[in-house]
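The values are calculated or read from the model by the stated rules, or taken from the named source; none is laboratory data. It should be emphasised that the depicted structure is a prediction, and the values quoted were computed from it without experimental measurement. Calculation scope for accessible area: heavy atoms of the full protein, side chains included, ligands and nucleic acids excluded. Shrake-Rupley method; radii C 1.70, N 1.55, O 1.52, S 1.80 Å.
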Amino acid sequence: MPTNIAQTKTRLLLALWDLGGVQQEVKKGLLTKRIVSKGKKAADYQSVFEELRKQGAIAISKTGYSLASPKGLEVLGEGLRSSEFRFDGTIVGSWTANALVKWIGGINSTVTSTPAPEKPNKGAIASYEEFKLVVLEVYDKLNYEYNFNHLVPIYRIRRQVGDRLSRTEFNDWLLEMQADDILQLQGGSVEDSAPDKIEDSITTVLDGLRCYARLLKA
């Protein structure tokens, strides 16, 4: 077992991070090749791996390891900032030096970069007339992109419109579009009977569940 557990844990996490362990699983042999010191063997490090797994910093499978985000990155950052972290000997492996440079570069870019401006949210839908225009635009888009053959699921329309109006307003105004002979709301059920999709459809006292909208006129 390594003598300095804290230092070994940090080196292990740094190697895993450098090998892309946040995005994908790193093969066991590739990681142990980097971290196993001269005179040691992979089995000597099992307790360190297990401790990091229990800590929630890494995930272990039969074939490899991955770095948990954000916990693994937090533990790695804390280890690199620790006053106890140091490199033994006079020579530091090139992978270690390069990984540290990449880590420090990432910190600097995070600190100095200006956050990208958020895309402005589309404004709230304030009237039935505006709602009609938005729904017809969404209807045409969905019908074209997904080839719905003019039976567009209501839950998809609701989700496209998003939080620009309340659920009650959406229901009332969509039913009003039916009363105005713009849309016909049809029954049936969604393709996989998913409860959330049914909930995002429309249910009325008289007609029951309506899951699809068909355009009657422009």
*Taking a threshold of 18 Å on the Cα-Cα distance, which of the pairs Lys41/Lys71; Lys9/Lys71; Lys27/Lys62 fall above it?*
Lys41/Lys71
*Would you mind getting the accessible area per residue of the stretch 167-217, heavy atoms of the protein chains only, 1.4 Å probe, in Å²?*
56 Å²
*What full-extension length gain, to one decimal in nm, is calculated for Gln160 and Ala6 as 0.36 nm per residue of separation minus the Cα-Cα distance?*
50.5 nm
*Please give the contour-minus-distance gain from Asp44 to Leu206: 0.36 nm per residue of separation, less the Cα-Cα distance, rounded to one decimal in nm.*
51.2 nm
*asked:* What is the distance in Å between the Cα centroid of the stretch 131-188 and that of the stretch 1-42?
replied: 54 Å
*Which cross-chain or sequence-distant (5 or more) residues have an amide H under 5 Å from the amide H of Arg210, H modelled 1.01 Å from N in plane?*
Ile202, Thr203, Thr204
*Work out the count of Lys pairs in the stretch 121-218 where the Cα-Cα distance is under 16 Å, with the pair 8 or more places apart or on different chains.*
4
*With a 1.4 Å probe and every protein chain kept in, tell me what percent of the accessible surface of the stretch 1-43 is carbon plus sulfur.*
52 percent
*Gain on full stretching of the segment that runs from Thr168 to Phe148 - 0.36 nm per residue minus C-alpha separation*: 4.7 nm
